[in-house]
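Beneath this line is the structure, given in structure tokens, with notes to follow.
The values are calculated or read from the model by the stated rules, or taken from the named source; none is laboratory data. This structure is a prediction, so every number in the text was calculated from the model and none was measured. Here the Cβ is made from the backbone with ideal geometry for all residues, glycine too, and neighbour counts use every protein chain on show. Quick note on the areas: whole protein, heavy atoms, side chains included, nothing else; ligands and nucleic acids left out. Shrake-Rupley method; radii C 1.70, N 1.55, O 1.52, S 1.80 Å.
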Amino acid sequence: QDEDKWDFVLVSNIHEVGSEKEIKRKKFLDELSKKGFAIKKIEDKKLFYGVRAPKQIFRKYQWLLRNPDSRLQNCDVHHDIPVTTRIRIVNFILQNTMTPNLEKLDDLIKKKVFEAAFPLHEKEEVREFLKEKWFNWRDIFCEQRIEKIRCYFGEKVALYFAWLGWYTYLLGIAAVAGLVVFVAGITVFNSSQVSKEICEASNTIMCPLCDQKCPFWLLSDTCTYARVTHMIDNEGTVLFAMFMAIWATVFLELWKRKRANVVTDWDLYRWDEEEEELAMELINNLQHEPRRYQHSYFRSTIMLLLVLVMIAVLIGIAHALIIYRVIATALFTQSDFEFLREQANTMAVMTGAVLHYITIVIMTKVNRHVALYLCDLEKPRTFSQRENNFTVKIFTFQFFTNFSSLIYIAFFLGRINGHPGNYVRIAGKWRLEECHPSGCITDLFIQMAIIMLLKQTISNVMEYLIPWIAHKLRKKQQRPKKRSMILGEEEEEAEDPCKRQWLSNYQLKEVNIFSLFDEFLEMVIQYSFTTIFVAAFPLAPLLAFFNNLFEIRLDAIKMMRLHQRMVPRKANDIGIWLQVLEAVGILAVIGNGLVIAITSDFIPVQVYKYTYSPCMMENSTSVDCSTGYINHSLSVFRIQDFEPYTKLPEMLPDFLSNEIKECRYRDYRNADDYSYTVQFWHIFAARLAFLILFEHVALCVKLIAAWYIPDVPQSVKNQFLDRKHSNLRKDLSMMEYSTEV
């Protein structure tokens with residue numbers, strides 16, 4: 001039975017006899033033969049070489065590591081070593097076998113000597129089981145069979161699905177909380193005093209939104225926008241932001257417990273990656289000398305500077321998006337279409353969000369190349385170290401790509417634009433955007449909603465559809481050949497049962513070492529969206545929850561049907577991603593604190609209620625305490641103080657019979673010299689105080705939650721305690737027995 005099983009398949013073009021490529025290929029295969037590998041050649045339109053490692057290699061591995069797979073994976077009864085371990089060892093030897101010209105397999109693939117190298121999908125019971133129970137849409141709410149996934153794809157993939165399943169499960173709780181907050185916002189949709197005042201402000205004349213003949217407008221025109229803002233921006237949002245900060249901590253603490261249980265079941269809790277790698281190096285080459293640990297401060301400094309340059313480029317792209325929005329707003333306000341003129345700001349935000357999504361797609365590819373280049377400069381010692389370095393760099397780049405535009409909208413929009421008569425301008429021409437009188441949070445809501453929906457729909461569709469279409473097309477191209485077989489080429493098929501299997505595996509989409517990495521990155525960026533600005537978009541956890549239900553099944557289908565089999569990797573945790581998730585958890589506290597303190601109108605309204613409102617002045621409890629807030633938050637501007645090149649509309653709007661002397665704008669400034677009022681500094685102090693209080697309380701609660709939930713369950717600790725105890729007792733009894741004898 002073992003004679004039919006091949007560990008790996010190498011694919012090559014048919015080269016001319018005696019050509020350089022053919023000689024290089026022969027030299028590489030000769031090196032494998034010297035190591036005792038069995039090689040089988042099949043010729044079709046390409047050359048296929050099946051390679052099978054000698055049993056001696058696996059015996060060495062088991063001896064060196066005293067069989068870390070001591071508890072045999074219960075899915076592989078026929079083998080003395082699990083299939084996943086076989087593939088991993090063979091892959092390591094293939095990647096590290098050198099020809100006399102000092103070329104490895106990677107170099108030969110780059111030089112087109114070989115085209116591909118992959119392990120085979122197997123038509124065995126594990127695969128059939130996974131087909132039945134794992135990527136079936138009927139089982140979308142069922143628990144995943146992590147043990148079976150491990151048997152087929154190895155520990156690294158199994159831990160990814162265990163983590164994704166756990167994350168999705170706990171997202172359900174956050175999604176319900178977010179939905180409750182959002183529904184509560186809708187119920188107070190019409191009852192908010194602040195939005196009522198905006199809707200009734202039919203005599204409040206606002207200053208023009210642009211310089212060139214933009215009309216004066218009435219505050220009451222933006223009634224719907226104000227209602228939407230107060231649907232998102234209310235007291236419930238503050239509680240929800242606090243809840244999500246705690247949720248992020250609890251999720252990670254519970255995941256650490258879950259992971260401890262899973263890897264203890266696999267006998268991998270104390271597994272040492274470095275020892276495993278050294279063992280494989282020695283099996284491949286007994287003369288191997290390990291690479292020493294090195295650290296160069298010079299290289300680290302250069303790396304840091306290059307990373308900062310890249311971050312500056314990404315922030316520059318965010319600036320370009322801001323400039324686009326400023327110019328788009330100016331153009332839309334001068335448009336011939338009435339709808340565009342009236343909704344100029346919203347249209348600029350929406351088109352800006354779509355443009356932002358396009359830059360995310362493009363920059364993701366650029367970021368990958370830059371991060372890989374920087375990793376090559378660093379010369380990491382081992383593959384796992386290289387992977388960790390790459391992870392940190394690409395996450396940093398992706399974070400700035402995804403969030404720099406959102407950070408501007410949340411914390412800078414409408415705060416650095418000056419005031420009528422003294423606007424801040426880009427290139428001295430276009431003035432920066434302003435916030436709506438009811439706050440900037442809706443702009444953030446729109447931007448996040450568009451990016452999350454586009455990322456989750458388009459990205460998932462492309463990720464699944466492209467391999468699926470390619471797979472169908474390749475199948476179609478193969479069909480005519482089948483007919484010719486029926487006509488008289490059955491002998492060839494009969495003499496080679498491997499051919500069809502190798503061909504069908506070759507036609508699947510190629511995977512690389514970053515295939516699983518991409519899935520992790522996508523989920524961690526989604527986790528960042530779900531936690532960092534959740535105060536502005538309470539529906540983020542709900543969108544993420546539904547996306548993940550599909551993501552698990554789509555990833556499963558891709559891995560089983562559309563992609564070549566991944567090389568199994570051994571692991572006992574999700575690696576550096578855990579530190580990345582913890583960093584995101586801290587950023588979430590800071591981000592949500594800033595959104596409530598700076599973006600939201602929560603603090604100005606509270607300051608007004610408890611300091612300047614009618615409740616405080618007249619001690620009357622019958623009125624709503626936020627009555628008069630809108631009038632209080634708008635400053636007065638005299639028309640005569642406009643800059644000389646501001647062209648006011650010649651035709652005044654029909655609602656004004658007499659000439660306009662002054663207009664209102666959102667800010668806290670004195671009417672005579674436009675300096676900041678006492679209220680401005682009062683609110684500024686309150687914002688800072690709230691920010692410090694919110695973050696300290698949230699971080700304290702996070703620390704208490706982390707302390708309250710132990711990382712390792714007591715059952716796991718007791719298991720190790722019992723094991724140590726029994727081993728020591730056995731050693732002692734052996735010693736006593738030997739002295740007696």
For region 7-32, how many residues are without any contact (Cβ under 8 Å) to a residue 60 or more places away in the chain and part of a helix (DSSP H, G or I)?
6
Run down L377, L331, L306 and say which single residue is in a helix (DSSP H, G or I), open to solvent by 70 Å² or more (accessible area, probe 1.4 Å) and more than 26 Å from S459 (Cα to Cα).
L331
Just the residues that are under 29 Å from F216 (Cα atoms) and at pLDDT 85 or above, please, taken from region 329-364.
T351, G352
Of the criteria (1) closer than 30 Å to V194 by Cβ; (2) open to solvent by less than 10 Å² (accessible area, probe 1.4 Å); (3) outside any helix (DSSP H, G or I), which one V595 fails
(3)
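Let's see how each residue does on (1) at pLDDT below 90; (2) open to solvent by less than 70 Å² (accessible area, probe 1.4 Å); (3) part of a helix (DSSP H, G or I):
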{"position": "K258", "(1), (2), (3)": "no, yes, yes"}
{"position": "D267", "(1), (2), (3)": "yes, yes, no"}
{"position": "L286", "(1), (2), (3)": "yes, no, no"}
{"position": "R299", "(1), (2), (3)": "yes, no, yes"}
Reported set for region 470-494 where residues are modelled with pLDDT of 80 or more and either closer than 26 Å to Q398 by Cβ or open to solvent by less than 80 Å² (accessible area, probe 1.4 Å) (or both) is A470
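Pick from region 15-50 the residues that are among the aliphatic types (A, V, I, L, M) and surrounded by 12 or more Cβ atoms within 10 Å (Cβ to Cβ): which of them is nearest to N91 (Cα to Cα)? Working first, answer last.
Restricting attention to region 15-50, the residues satisfying the condition of being among the aliphatic types (A, V, I, L, M) are 17, 23, 29, 32, 38-39, 42, 47.
The next check asks that each one be surrounded by 12 or more Cβ atoms within 10 Å (Cβ to Cβ); those that pass are 23, 29, 32, 38-39, 42, 47.
Numbers: I23: 22, L29: 14, L32: 12, A38: 15, I39: 15, I42: 20, L47: 19 Å.
Here the answer is L32.
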Within region 422-463, can you find the residues that are touching a residue at least 40 places away in the same chain (Cβ under 8 Å), closer than 16 Å to P208 by Cβ and either assigned to a helix (DSSP H, G or I) or basic (K, R) (or both)?
R431
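A quick yes/no check of all residues on (1) modelled with pLDDT under 90; (2) in contact with an Asp or Glu (Cβ under 7 Å, 6 or more places away or on another chain); (3) more than 29 Å from A535 (Cβ to Cβ); (4) open to solvent by less than 100 Å² (accessible area, probe 1.4 Å):
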position: R687; (1), (2), (3), (4): no, no, no, yes
position: F690; (1), (2), (3), (4): no, no, no, yes
position: H696; (1), (2), (3), (4): no, no, no, no
position: V701; (1), (2), (3), (4): yes, no, no, yes
position: A705; (1), (2), (3), (4): yes, yes, no, yes
position: I709; (1), (2), (3), (4): yes, yes, no, yes
position: Q719; (1), (2), (3), (4): yes, no, yes, yes
position: K724; (1), (2), (3), (4): yes, no, yes, no
position: M735; (1), (2), (3), (4): yes, no, yes, no
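Go over the candidates D667, D711 one by one and state the one that is touching a residue at least 60 places away in the same chain (Cβ under 8 Å) and more than 30 Å from P208 (Cβ to Cβ).
Numbers: D667 fails: more than 30 Å from P208 (Cβ to Cβ).
Answer to the check: D711.
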So I232 fits all but one of (1) crowded, with 18+ Cβ neighbours inside 10 Å; (2) more than 25 Å from A328 (Cβ to Cβ); (3) aliphatic (A, V, I, L, M); (4) modelled with pLDDT under 85; what number is the exception?
(2)
In region 309-327, residue surrounded by the most Cβ atoms within 10 Å (Cβ to Cβ) [restricted to those that are in contact with a Gly (Cβ under 7 Å, 6 or more places away or on another chain) and not aromatic (F, W, Y)]:
R325
Search result, residues across region 575-592 that are in contact (Cβ under 8 Å) with a residue 12 or more places away in the chain, of a type in the set (A, V, I, L, M) and either outside any helix (DSSP H, G or I) or farther than 14 Å from L693 by Cα (or both)
I576, L578, V580, L581, V584, I586, L587, A588
